[in-house]
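FYI, it's all coordinate maths here, none of it is from the lab. Everything numeric in this text was worked out from a predicted model, so none of it was measured. In this analysis, Cβ positions are derived from the backbone assuming ideal geometry, glycine residues included, and neighbour counts consider all displayed protein chains.
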Amino acid sequence: MPSIKVLQLMKKYADEVNQPTVLLENSKNHYLHEQMRLNEFSHSFEMKLKIIISELEHDISTLKERKFDKEMLKLLVEVWNNITNISLSLSKNSPYISANKLIDYVNSKRTKDIIDNLDFLAQHHLKGTNESFIQNMGMKNPEIKGLKFLLNLVSYLENYMKENPLLEKVKPDPKKEVPIWRPPATDFDSFEKDMDKAIEEH
């Protein structure tokens, strides 16, 4: 039966061999988990964008019917068009890129001013032109919700990406020579000498 010293020596070499493998597996698992999370985020982001685009289309149609100011309506169409283009650039593997594009666009001073003015004027115009509907028919006055949904989405994206930053991928420096690591247990001469010594002592 192997002595305690022999068993300890075997465990030492086994641990030295397995440690880099475990670290590598943990690293792979982290990136795999991140990719799965990104896929879920991408799907959610895409669905929310589609809803907002649909709401903006509804808002444009409603305001057009209500004879909303043509110049202001053009600005709303511009916002819809830019949001649509960002949605088309959305990548499942790198959704943070499109998310940052949307955040930068909506938070820019020009877009912020457009959204603030549009939302106020559109809501005011809508209330002033609402017609009376027969309540027992279950009909109600239309609402303008696309711009509010857009601002809510941007707030959500900012918080989500802040709480879930991407893992840093370290790029090797070509100027520095990377030493080749060899596991101690593959040094069989040293391993056999240590084992022979331990057996002799036993």
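Structure summary
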{"item": "In sequence order, calculated HN-Hα J values of region 33-50 (Karplus, 6.51, -1.76, 1.60; Hz; x Gly/Pro)", "result": "4, 4, 5, 5, 5, 5, 5, 5, 4, 4, 5, 5, 4, 4, 5, 5, 5, 4"}
{"item": "Region 84-89 - phi-based ³J(HN,Hα) in whole Hz, Karplus 6.51/-1.76/1.60, Gly and Pro as x", "result": "4, 5, 5, 5, 6, 8"}
{"item": "Footprinting exposure proxy for H58, H43 (fewest neighbouring C-beta atoms within 10 Å first)", "result": "H43, H58"}
{"item": "Global form of region 71-111, assessed from the alpha-carbon gyration tensor, a/c cut-off 1.5", "result": "oblate"}
